[in-house]
Each structure stands twice: as C-alpha cells, then as structure tokens.
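Taking it in order: structure first as structure tokens, then the write-up.
The values are calculated or read from the model by the stated rules, or taken from the named source; none is laboratory data. All of these numbers come straight from a predicted model, not from anything done at the bench. Heads up, the Cβs are rebuilt from the backbone with ideal geometry, glycines too, and the neighbour counts pull from every protein chain shown.
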Ligand SMILES: Nc1ncnc2c1ncn2[C@@H]1O[C@H](COP(=O)(O)OP(=O)(O)O)[C@@H](O)[C@H]1O
Ligand SMILES: [Mg+2]
C-alpha cells in the first residue's frame, strides 16, 4: 500500500475570548491560538467587532482536518510567529493553506512566502496573487488592463485632506479587508456628506485607504472555481438574494447580512444555488470569472464575487483566493454550498483542492 502523505493544515483560529482556555488545553491535536498574534493584529488597527471575521473557527479547522485525514496524516500548524520554525521542523509533503495571516495588507501571503522559501508545496495561490487580490484596487487595475469589467473606482489615502469628487451613489470600503469587514449598510453613500463621513470612518477605524466604487444596482452572484490550466471548472453559480434582508436596508452583502442578521438562531438564507438565470447570462458570468481567475494566476480554488450593472452586464467585485469554507450547511457558506449543488460533499471538496495542488506539483496521490 502506498504511504499516506504528510499534510500540514495551516490556519488562524478565530478569537472567541477563550485564549487562556485554549492555551492551557493539553490536546496537541486541537487548533490553538496565542494571544500575541492577536495583539500584533490589533496594534495595526483598532480592535472592532469584526477584527477576526476572516479567521477560521475551530469547527472549520477540525472539519478540514477530518476531510484530509481520510487519505493522509495531518499535522495542525497555527499561522503565527512560530510557523516558520514549525514548518521547517515538520517538513510536510504539502501544506493545506487556509491561513489568513496575522496583519497588514500582505498578510495572506505570509505563509505561502515562508513555504516558497522552505520549498514546501502548498494548496492555493502564491504570495503575489494573494497580495494582489487582498488589495482590491491592484486587482481591479490588472483586470481593467486586460479588459475584464470591474466597477469604476478611486482610492483615498488617509492623508488626503478632502475626498475628490466621485459620482454618487457609491460604495466606500476598506481597501484590503474581506468577510465584509467595514462594509455595513452605511457603506452605500448617496450624498457628499455621507460620502465624506464614510471615508473618514474607514480611515479612522481600519487605518487604511478607502476604496470608493461606482455602485452597481444589479443582481449579485458568487462563483466557486476549482482546478488549474486545462482542468479549471466553475461550480453552480450562487445568487445572493436580498429579498430576505430586513425592510429598507441597502441591497448589499454587508457585514450585518453575513454575520448578524443570518445566525444559527434566526437563519436567513440569502443564497440561491443554482442561481435562476438564463443560459446567456450564465455563460457571461462564467466567462468573466474564468478570465479573472486566469489573469490573476489563481491556483487550485477561488471564489469570485460578481455584480450586474444597470444594463445587466457582469462586473468583477473581488476575488477570494482563500474562500470561506464553514462546514455546517446551516451557516450558508458559499463555496461548500456551490459544491453541494454540484453533488460534491465537504470532504470531497477539500480533497479536490488538495488533489488539484498535488497534480500541479506532479506529486502522486497515494
Ligand atoms: N461596486 C459595488 N456595487 C454594489 N455593491 C457592492 C459593490 N462592491 C461591493 N458591494 C457589496 O458589498 C459586498 C462586500 O463587498 P466585497 O468587495 O465583496 O467585500 P468583502 O471582501 O468583504 O467580501 C458585496 O458582496 C456586495 O454586496
Ligand atoms: Mg466579497
């Protein structure tokens, strides 16, 4: 029988206020987190309710481990300041990377950069792609250069005295966040006053430039993409439906919509998968996503957000090369939901990502 591969699962565990409990826990196989990483993260921006929204829950980390353990031996390694030494000592055959990194606009690139230095294969995109996609304006510049549609935008540095003029309505977002951090109902601005206030809010709260984008009024979709080169496929398209949001709120997939209004006690499923769209729109959405995936050199997997303009034309909002993968179907995580709609269960989806990486590196799967 072929030897099982040694896979290291590298992660950041979401802070839940129980740091002490988890560092006293003696089970080495449980994901753990150290307070210092979070202190480091919070030094660079104020700690807000959404500070750790991108990091993974213990449930997600354990679900990925369980999936990988069907075929491989798995070691858990937290993506903290000790990760480099631990990876060098562990020398896994491959890393399954779900680490969001500690802090800064290049945080998602931190673990992949260490792995490149150590010559250890890993799943997902390389440091350059992860860095570019987290800086939404850089990603948009590259897409525009290649003729892929993305909403008109400007970037406003915290040092700017007054925001330049920009057609309203617009959306104001932090330049390099994910998981709808900093995107609330107030992010859609219709007056100069709201515009200036929201830009100031992003600067003050997130200590980073504000990305101001043309507001696209049309339908919204998100597309899970898997694979590489000649073997890239899109999973069934997810529509984000805003009809179940509270009355009177803006039709955006805001922080409140992702994490507050939709919760396990009062679930609202804003996702419809497969999306009810005609073949022509489906083709245009898929083609736009596959172009963006190729142009930004995404590898193995990515989830791409799309929105239609007033003429029904699809535009790229952003690419998520480290997509959210909450395992509980009741938590409505888009990537696993799209996989389920394709008849692919959670464990098969995770192993599909690993297999795409193994194939890319020419590593034989046991
Ligand atoms: N230009 C835009 N026009 C309309 N809605 C937008 C636009 N950009 C973002 N949104 C809304 O805000 C949500 C979050 O924005 P996004 O850039 O995807 O941030 P995140 O990285 O936090 O997911 C989107 O899912 C969409 O509903
Ligand atoms: Mg998004």
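For (1) within 16 Å of ligand 2 (Cβ to nearest atom); (2) in the same structural domain as residue 169 (by TED's automatic domain parsing); (3) under 22 Å from the mean Cα position of the chain (by Cα), each residue gets a yes or a no:
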site: 184; (1), (2), (3): yes, yes, yes
site: 196; (1), (2), (3): no, yes, no
site: 226; (1), (2), (3): no, no, yes
site: 233; (1), (2), (3): no, no, yes
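For region 348-363, the criterion of being over 19 Å from the mean Cα position of the chain (by Cα) and within 15 Å of residue 224 (Cα to Cα) is satisfied by at least one residue.
Note on region 126-153: among residues that are within 14 Å of the chain's Cα centre (by Cα) and away from ligand 2 (no atom under 16 Å from the Cβ), the one that is farthest from residue 293 (Cα to Cα) is 131.
Scanning region 316-330 for residues being closer than 23 Å to residue 101 by Cα and within 16 Å of ligand 2 (Cβ to nearest atom) gives a total of 10.
Mind checking whether some residue in region 332-344 is within 16 Å of ligand 1 (Cβ to nearest atom) and farther than 16 Å from residue 224 by Cβ? Taking every residue of region 332-344 in turn, none turns out to be within 16 Å of ligand 1 (Cβ to nearest atom) and farther than 16 Å from residue 224 by Cβ. Does residue 238 meet the test of being within 13 Å of ligand 2 (Cβ to nearest atom) and either surrounded by 17 or more Cβ atoms within 10 Å (Cβ to Cβ) or more than 25 Å from residue 99 (Cα to Cα) (or both)? Here the answer is yes, as residue 238 does meet what is asked.
For region 198-217, a residue qualifies if it is under 17 Å from residue 152 (Cα atoms) and either touching a strand residue (DSSP E or B) at 6+ places or on another chain (Cβ under 6 Å) or in a loop (DSSP other than H, G, I, E, B) (or both), and the qualifying residues are 199, 209, 210, 211, 212, 213, 215, 216, 217.
Matching residues to (1) within 15 Å of ligand 2 (Cβ to nearest atom); (2) exposed (fewer than 12 other Cβ atoms within 10 Å of the Cβ):
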residue	(1), (2)
251	yes, no
255	yes, no
258	yes, no
261	no, no
266	no, yes
270	yes, no
279	no, yes
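How do the pairs read when you match residues in region 257-272 that are in contact (Cβ under 8 Å) with a residue 40 or more places away in the chain with residues anywhere that are part of a strand (DSSP E or B), using Cβ under 6 Å and keeping only pairs 6 or more apart or on different chains? Listed by first residue and then by second, the contacts come to 270/240; 271/238.
Answer yes if at least one residue in region 94-103 is surrounded by fewer than 23 Cβ atoms within 10 Å (Cβ to Cβ) and modelled with pLDDT of 95 or more, and no otherwise.
Keep residues of region 94-103 that are surrounded by fewer than 23 Cβ atoms within 10 Å (Cβ to Cβ), which gives 94, 102-103.
Within this subset, residues satisfying the condition of being modelled with pLDDT of 95 or more are 94.
So far as region 94-103 goes, yes, one or more of its residues are surrounded by fewer than 23 Cβ atoms within 10 Å (Cβ to Cβ) and modelled with pLDDT of 95 or more.
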